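Before any comments, here is the structure.
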Amino acid sequence: MKYEFQVRMQQRHLKAIVGALKFRQRFLSGDVYGTLGRAAMDAWEALPDVAHGAYPARRGNKGAVQLEVLKACRAIEDIVWHQKRPAQTFSASSGGMLASELLSQSATKERHTRFIVKLKKGVLKEIGLAVEFELRARIGHMDAIVAHLDVGRGEIRGVVSQCERIKAVAWQIECGNYGPWFTHRTRSLYDIYSVIQQKEGEWRYSAVCPLVPSVPLMEILRCI
């Protein structure tokens, strides 16, 4: 059997997938503030001025919150990488090479909203892992983020403590996570992740709806 997938996606799906591949590689290369820190600030800025539904009113001012997030991110970088971050570039990583393949469309096809991408065996799962990683980072699911870091038992407490600090000041929650509809960016990632999980047989959500009704979700068909 030939495990190849034919995928139809929107331009917004492609941008989100490439962005997720970059996000994961940058985080695992030690750029905590440029990834988790910016996601935290996006979450804080997306909170309403007045408490609404499940979301609390935004507290504090941007400068103070950003400084707290920056300090926590720098502390994590020092604990995990000891100021010696890996220097691998995104283009040289497996995610970078995959992104290059996804983006290698003709100029004519790039102008169209829809196009076809061929994915080799295992690539769909790799994309799913990257999308899930960024999605969880953006909804404050810190346990899933910490699990990707190569740290010992003595250091893990320090990392967890700093992650909880970011979560409390930016997402303004002490436990649990917000839903993937928290921001426009997370909802787009949720669309992609849900479709891939459904196709992989690991369904985790009860329903999937496109972000914009007139723009369908990506479609995945296995070629046999």
Q) With region 123-170 as the region, which helices (runs of 4 or more DSSP H) entirely inside it contain at least 1 residues that are over 18 Å from the mean Cα position of the chain (by Cα)? A) 153-166
Q) Any idea how many residues of region 10-24 are crowded, with 20+ Cβ neighbours inside 10 Å, at pLDDT below 85 and assigned to a helix (DSSP H, G or I)? A) 2
Q. Identify, please: which residue in region 171-193 is outside any helix (DSSP H, G or I) and either crowded, with 17+ Cβ neighbours inside 10 Å or among the β-branched types (V, I, T) (or both) and is, among those, modelled with the lowest pLDDT?
A. P180
Q. What number of residues within region 8-53 satisfy the criterion of being more than 22 Å from A75 (Cβ to Cβ) and of a type outside the set (D, E)?
A. 22
Q) Where in region 49-115 are the helices (runs of 4 or more DSSP H), entirely inside, with at least 1 residues that are at pLDDT below 75 and acidic (D, E)? A) 94-103, 107-111
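Can we say V7 is buried (at least 18 other Cβ atoms within 10 Å of the Cβ), under 24 Å from L102 (Cβ atoms) and in contact with a strand residue (DSSP E or B) (Cβ under 9 Å, 6 or more places away or on another chain)?
It is true that V7 is buried (at least 18 other Cβ atoms within 10 Å of the Cβ), under 24 Å from L102 (Cβ atoms) and in contact with a strand residue (DSSP E or B) (Cβ under 9 Å, 6 or more places away or on another chain).
The values are calculated or read from the model by the stated rules, or taken from the named source; none is laboratory data. All values reported here derive from a predicted model rather than from experimental measurement. Neighbour counts run over all protein chains shown; Cβ positions are idealised from the backbone, glycine included.
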